[in-house]
Amino acid sequence: MEAIILQILNGLDKGSAYALIALGLTLIFGTLGVVNFAHGALFMIGAFCAVTLSRILTLSYTVVDETKTDFLGNPAKVDVPYVYDLFGQATGDAIIDWAVPLSILFAIPVMMVIGFVMERGLIKHFYTRPHADQILVTFGLAIVLQEVIKYFYGANPIPTPAPQAFTGSFDFGAALGFDPNLIIYPYWRIIYFVFAAIIIGAVFAFLQFTTFGMVVRAGMADRETVGLLGINIDRRFTIMFGLAAAVAGLAGVMYTPINSPNYHMGMDFLVLSFVVVVVGGMGSLPGAVLAGFLLGILESFASMREVLAVLPGLNQIIIYLVAIIILLTRPRGLMGRKGVMEE
Amino acid sequence: MLGLEKKDFQLLLVVAGLTLLAPFILNPFPESSGMAQFNAGYPDLMQRFVIFGIFAIGFNILFGLTGYLSFGHAAFLGVGSYGAIWMMKLISLNVIPAIFMGIVVAGIFALAVGFITLRRSGIYFSILTLAFAQMSYALAYSVLTPITGGETGLQIKSTDRPLLSNLEEGEIGRANLFGMDMRASFELNVGDWLFTFNAGYYIAAIAMLASFYLAIRIFRSPFGMMLRAIKSNQTRMSYTGLNPRPHTLAAFVISGMYAGLAGGLLVAMDTQVGPERMFWTASGEVVLMTILGGVGTLIGPVLGAGAIKYMENILSKINKDVLHQWFAFLPDGLEDFVITLIYPFIGKGWHLTLGILFMLVVIYLPGGLVEGGQRLARALRGKKASDEDGPKASTEPAE
Amino acid sequence: MSKSNFTRRGLLKTSAVTGAGLALPTIFTAQSAHAFTNEPTGGTVTLGFNVPQTGPYADEGADELRAYQLAVEHLNGGGDGGMMNTFSSKALQGNGILGKKVEFVTGDTQTKSDAARASAKSMIEKDGAIMITGGSSSGVAVAVQALCQEAGVIFMAGLTHSNDTTGKDRKANGFRHFFNSYMSGAALAPVLAGAYGKDRKAYHLTADYNWGYTTEEAVKASTEAMGWETVAAVKTPLTQTDFSSYIAPVLQSGADTLVLNHYGGNMVNSLTNAVQFGLRDKQVNGKDFQIIVPLYSRLMAKGAGANVKGIFGSTNWHWSLTDEGSKAFVKSFGTKYGFPPSQAAHTTYVQTLLYADAVERAGSFAPCAVAEALEDYEFDGLGNGKTLYRGADHQCFKDVLVVKGKENPSSEFDLLEIVEVTPVEQVMYQPDHPQMGGAEASLGSCNNGA
Amino acid sequence: MGILEVKDVGKRFGGLQALSDVNLSVKENSVHAIIGPNGAGKSTLLNCLVGKLIPDTGSVMFDGQSVLGRTPHEINQMGISRVFQTPEIFGELTVMENMMIPCFAKRDGAFSLQAIANMFSEKDVVERAESMLEDMNMADKRHMHAASMSRGDKRRLEIGMCLAQEPRLLLLDEPTAGMARADTNNTIDLLKQISDERDITIAIIEHDMHVVFSLAQRITVLAQGTPLVEDDPENIKGHPKVREAYLGETA
């Protein structure tokens, strides 16, 4: 029982990351009809926004400390962050400690701009091109983006911890009346889940309740007609691309304390996020979210040792197995529309 | 000739010429010049050019003709390789049965996978094939370790005693063709040039030419026409009384067998298999080769395969010291500056160059390298014919 | 700058020139013209440095490459000579190898065995490399080692920790200086028993591939021999990035120790996740919960950040060692590059020196002669104390470092502290040990090539 | 007994009863038109005949055999060809290739490995396709890409492709929809010619009364998913029920 509750928690948490990435991917696909292989790279760049902000906050000048020596036996150089000078050491440390949450503010404009530039500069020209071309160009872009990040930040993962206040874990078990320590879950992962839920909710609300969203939804359903109505869909689609980039970026920022970011984290998520989107049904936002959580939960259950004892290796293939079963029983994924991406 | 139209026969002749003379063509620079770094005429890379050419030709039969984008084709290459190496480990070190085994195993696997995945089309098909390939990879890496060797893969060991061989005790078996070692080479020294004619390469090259010939025949045959008809209009296809699925399945299996042939040849040239051969990036690579060269064209996939393998093997080996050697003639400050500019794109930065190349090709040459060649040819012809007409870049898709 | 380490086929520099202009075709199977593959006939000798330059281990590969360049510089008489000065053998003169200037070529393994072999083959076939070295994973090491065996060149393994490299997949032409899973287990167990007691319940998370299996087996065997109980061992996919669903159930199992048989990105993520779950703040069976990482590296520790604090593991070498060899190496590496070398850099530097020294002592580049010179060779002064290159399996035997994540690091490199140097006797095993492939494992016979 | 017998066919989509109690009998070698206002269920009925939809109730017999549960290509192989509202042809293929494909289908069947082997003997197919192109007056366009032709030519090609299979029943779904008057008249002439010269039954769904009354020998009027009347053209013209159905719609 405890084990099952725990894996459901895990599944929701994993699922929220999958759903967030798949959501952005579907937004782009649904509105612009573009298969964006660079979406994982946007997620990765989001994570590196957090790394960059924490680098900016810890920008330092060096002071030679005669009392210490470095590894070669020379007097040690000690880095003193500028924020110490600006705010004093205690406040400075607190600011550095809060780098990841602060990065949210930093990442939104950065990601929007990256999204706009990408759409105007490149993607725009590919709306009418075959999907194969879209795949190749966005895949090329993804490689370029990750190689650029690798050039500046190296290949090694970069630890980007959550603020001290959010370390440790919450004991659900004790709260629910089980023995303590049986069902614990880290605070930051709970925050991630809540954050993802808010973002997903906000995107849905935005599309559901604003005129802008209405037009975009109409455009998703039938682009030509909306165009005929004299509505400037293009500008709205640019904004949607920026929004999707921001969603991916925020997913990345918040993910950094969970796993240290590295330059290939986008590629690691790419295949998975496409599987999620397709299982959900190409172009369906609720489908993407549903599939994200479904696959997250199933993956968690498949990693239980009780399950693995019976079916060794199931954890290796569960995502793909589920994808195959769903696609064979439901031709267009969970909530896909007919005729989308079937040619 | 050979049942081909004149144009196709000429193309086949050109490809045959290029392939057979590859040891010369790929080694244009004298050994002692700085440019020798760009020589690609050594056996391993030449073998890879033609083997991955086969892989891409086969992939193009499926993707180029029917429009079904398989994202898991590397699985067939991998399975073919495993089939071939087991044949060598257990039965015979001769490459023929091993390659044959690779084709058969890959064909059977493709039949099974295709039977299931071809129930869907479009991206749903792509994801289904991807799922099968990723499952194959994951299982080969982990729980199937007893069969696949897991991470370290399979090699021929001194303890392997194939049935039809008479190895000495402790001797490690080698791939051969009726006694001819795949690594046997004939070297030709001409002045400062060294040309290597490798047995393995020529076997692979003959296989490639045969595959290429077969591909032309398939492209030009009514069967190829059926496949193009499937890509063009499946509705009309079924309302014309034709069942599209078995046609597509046949193309899928043929394409899988091409991959198996490539896998078997890889093992024949270099007797080892690792599971990464089936990872999704390897499947992606063949897609990129085909698109880069020109989807649906005959020669495109071969060119694309060559371009990517060349970058992977030549560009990645240029390091800072090599650059310093090249630009040693410049004044020190300028030399360092030039090297700083170039360095991110070569050596460990070769992925960056690859990414940029993909983007440039797809932006400016939607028809891939073949279209680039056609434009170039047109431009040259246009200049010769009349200057006022001028070469006008057109964007019509490459044939 | 006019430094030139660029190389091309050694034989051409001399032999081809004689035929220049004559365009005389010469046919030879290498046997008639050469005694062994890529025999250097000119004034230079080419080594092939095959390291990951793209992919997740690119930083480790870059550090290996730095060490190789340093080694080449030292062999050719440049720099301060580094560990050549502290090396027990004095065969190396600083005039290259056997008087031939050392040049090198580099390649990218991509941490894939196919790519690694392609790269190594191009070094052998195109660049005329006489020895291949490098790598940052066991899959690559085993694949390239087998290739070198076939091609008839020497392979000096880089960072490879799996038992298989010198166990069931050992080859006569391949040599490993780095330690292995068995040694990690054997070195860690007593230290762990001392620190955490002999009554522990361990929970293993194991990367689901060969290296993971051998490491789990080794750590299990040696800790169980100390009295620990293994509660469960769960395999995790190599491609896993989020380990929460594997870590969450650990406490429910009643285990009080978590062993992470992970390396690289897997290890960084699983350790980060485990610390996130607050496992180390918990008490189980009245004991503090502990986490163990059998194989540590500084680059990984850097990736995991503060999460490594207080966590035990083992390592092949660490820059804070104070023997003369290590000090000399750190000084010369640190002066050149501005930061201390990693264990990957150390092992690759040492391998290059050992190879060069063996050639000098053998008086020949012929792989079989070099192998003979390396087999059962005892040396000292290369940072690990007295070391034996055992002839039976081509594995180095030396002291093993047990380290712990440092609580108060003084710099970004100062992440690990040495807890104990486990003497070599304790990590010694028989060449036919069951974990090493048993009696069946054999080197085969050395191969001089075509 | 007609060549096509539809008995009590009903089809429901969710809450919408698209067809109910449809009975229809098409006489061999006649031209039978099915007319009705928009939403009368004409297309649904057609889709039930060719295997795209499976009716919930009733039966559809072609030449004494049931077509229900068969796939479109099986039904086609039984001898029913369909012309679509917007021409469905192989746009990327040449006109000649378009014509060859039905010839192969006729000769080799839906698919078999034998058929693939047969494909390499194409001489008779080429001859047949060429004569078919002659018949359709399209021989001069044989090397054109089908997609680059005018709509009228595409229609002509599609009809030719259907005829190449020598079907016993040709189904046409508003073959003149969206055509200019001149093209429409050409199509009428073509269909007349086909009906006169060949042993073929034609069932046509049409909106354009000019077309219907120029061609049909028998007419079924469909309204709200049920047949209202089935009669000869002259009786249909003034039929009160028909007026009601159409006027009710247009008023």
Across (1) at pLDDT 90 or above; (2) crowded, with 24+ Cβ neighbours inside 10 Å, A:Ser273 clears everything bar (1)
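Would you point out the residue of the range B:232-249, among those that are in contact with a Phe, Trp or Tyr (Cβ under 7 Å, 6 or more places away or on another chain) and facing chain D (nearest Cβ under 7 Å), that is nearest to D:Val83 (Cα to Cα)?
Looking at the filtered set, the residue picked out is B:Arg236.
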Which one of these does C:Lys100 not meet: (1) more than 9 Å from chain B (Cβ to nearest Cβ); (2) more than 20 Å from C:Ala35 (Cβ to Cβ); (3) touching a strand residue (DSSP E or B) at 6+ places or on another chain (Cβ under 6 Å)?
-> (2)
Within the range B:9-51, work out how many residues are part of a helix (DSSP H, G or I), touching a residue at least 24 places away in the same chain (Cβ under 8 Å) and out of contact with any Gly (no Cβ under 8 Å at 6 or more places or on another chain).
-> 15
Would you check which residues across the range B:233-259 are among the polar types (S, T, N, Q), over 24 Å from the mean Cα position of the chain (by Cα) and within 10 Å of B:Thr66 (Cβ to Cβ) and list them?
-> B:Gln234
Which condition number in (1) part of a loop (DSSP other than H, G, I, E, B); (2) of a type outside the set (Val, Ile, Thr); (3) surrounded by 24 or more Cβ atoms within 10 Å (Cβ to Cβ) is the one that C:Pro340 fails?
-> (3)
For A:Asn259, are the conditions met, namely being more than 13 Å from chain B (Cβ to nearest Cβ), in contact with an Asp or Glu (Cβ under 9 Å, 6 or more places away or on another chain), surrounded by 23 or more Cβ atoms within 10 Å (Cβ to Cβ) and of a type outside the set (Lys, Arg)?
-> yes
Determine, yes or no, whether C:Phe87 is surrounded by fewer than 24 Cβ atoms within 10 Å (Cβ to Cβ) and aromatic (Phe, Trp, Tyr).
-> yes
Would you be able to tell me the number of residues in the range A:163-179 that are touching a helix residue (DSSP H, G or I) at 6+ places or on another chain (Cβ under 8 Å) and not in a helix (DSSP H, G or I)?
-> 7
Residue satisfying all of: in the range C:206-232; within 14 Å of chain B (Cβ to nearest Cβ) and of a type outside the set (S, T, N, Q); surrounded by the fewest Cβ atoms within 10 Å (Cβ to Cβ) among these = C:Glu217
Can you tell me which residues in the range A:55-88 are touching a Pro at 6+ places or on another chain (Cβ under 9 Å) and over 27 Å from C:Thr322 (Cα atoms)?
-> A:Leu57, A:Thr58, A:Leu59, A:Ser60, A:Tyr61
If we scan the range C:188-202, do we find a residue that is within 14 Å of chain B (Cβ to nearest Cβ), in contact (Cβ under 8 Å) with a residue 60 or more places away in the chain and outside any loop (DSSP other than H, G, I, E, B)?
-> no
Please go through the range C:233-262 and pick out each residue that is touching a helix residue (DSSP H, G or I) at 6+ places or on another chain (Cβ under 8 Å) and away from every other protein chain (no Cβ under 11 Å).
-> C:Thr257, C:Leu258, C:Val259, C:Leu260, C:Asn261, C:His262
With respect to A:Phe241, is the statement that it is touching a Gly at 6+ places or on another chain (Cβ under 7 Å), crowded, with 24+ Cβ neighbours inside 10 Å, under 30 Å from B:Arg120 (Cα atoms) and at pLDDT below 90 true?
-> no
Note down all Cβ pairs under 7 Å where the first residue falls in the range A:37-54 and is free of Cβ contacts under 8 Å to residues at least 60 places away in the same chain, the second is assigned to a helix (DSSP H, G or I), and they're at least six residues apart or on different chains.
-> A:Leu53/A:Ala99; A:Leu53/A:Leu102; A:Leu53/A:Ser103; A:Leu53/A:Phe106
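Residue by residue, here is whether (1) assigned to a loop (DSSP other than H, G, I, E, B); (2) away from chain A (no Cβ under 14 Å) holds:
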site: C:Glu64; (1), (2): no, no
site: C:Leu70; (1), (2): no, yes
site: C:Glu73; (1), (2): no, yes
site: C:Asp80; (1), (2): yes, no
site: C:Thr106; (1), (2): no, yes
site: C:Asp114; (1), (2): no, yes
Please enumerate the residues belonging to the range A:291-320 that are facing another protein chain (nearest Cβ under 7 Å), of a type outside the set (Gly, Ala, Ser), surrounded by 15 or more Cβ atoms within 10 Å (Cβ to Cβ) and more than 21 Å from the chain's Cα centre (by Cα).
-> A:Met304, A:Arg305, A:Leu308, A:Asn315, A:Gln316, A:Ile317
Which residues, taken from the range D:108-151, are assigned to a helix (DSSP H, G or I), under 21 Å from the mean Cα position of the chain (by Cα) and more than 10 Å from chain B (Cβ to nearest Cβ)?
-> D:Ala129, D:Met132, D:Leu133, D:Asp135, D:Arg151
Which pairs have Cβ atoms under 6 Å, sit 6 or more apart or on different chains, and link a residue in the range B:287-300 that is modelled with pLDDT of 90 or more to one that is polar (S, T, N, Q) and part of a helix (DSSP H, G or I)?
-> B:Thr290/B:Asn60
Which members of the range B:355-376 meet the condition of being assigned to a helix (DSSP H, G or I), under 14 Å from A:Phe126 (Cβ atoms) and at the interface with chain A (Cβ under 7 Å from one of its Cβ atoms)?
-> B:Phe358, B:Met359, B:Val362, B:Ile363
Among the strands (runs of 3 or more DSSP E) lying completely within the range C:359-428, list those that include at least 1 residues that are within 20 Å of C:Gly313 (Cα to Cα) and under 18 Å from the mean Cα position of the chain (by Cα).
-> C:400-405
Considering only the range B:70-92, state which residues are buried (at least 24 other Cβ atoms within 10 Å of the Cβ), not in a helix (DSSP H, G or I) and not aromatic (Phe, Trp, Tyr).
-> B:Ser70, B:Gly72, B:His73
The range B:37-82, residues that are under 14 Å from B:Val287 (Cα atoms) and within 14 Å of chain C (Cβ to nearest Cβ) | B:Phe52, B:Phe55, B:Ala74, B:Leu77
If you check B:Ala112 against the conditions, is it more than 11 Å from chain C (Cβ to nearest Cβ), aliphatic (A, V, I, L, M) and surrounded by fewer than 23 Cβ atoms within 10 Å (Cβ to Cβ)?
-> yes
Please work out if A:Thr160 is within 14 Å of chain C (Cβ to nearest Cβ), surrounded by fewer than 18 Cβ atoms within 10 Å (Cβ to Cβ) and of a type in the set (Val, Ile, Thr).
-> no
Strands (runs of 3 or more DSSP E) contained entirely in the range D:156-251, each with at least 2 residues that are under 25 Å from D:Leu133 (Cα atoms) | D:169-173, D:201-205
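Tell me yes or no: at least one residue of the range D:83-96 is farther than 20 Å from D:Leu169 by Cα, part of a helix (DSSP H, G or I) and either in the same structural domain as D:Tyr246 (by TED's automatic domain parsing) or not polar (S, T, N, Q) (or both).
Checked the range D:83-96: at least one residue is farther than 20 Å from D:Leu169 by Cα, part of a helix (DSSP H, G or I) and either in the same structural domain as D:Tyr246 (by TED's automatic domain parsing) or not polar (S, T, N, Q) (or both).
The values are calculated or read from the model by the stated rules, or taken from the named source; none is laboratory data. Note that the coordinates shown come from a computational prediction; the quantities given were computed from them, not determined experimentally. Please note: Cβ atoms are built from the backbone with ideal geometry, for glycine as well, and neighbour counts cover all protein chains shown.
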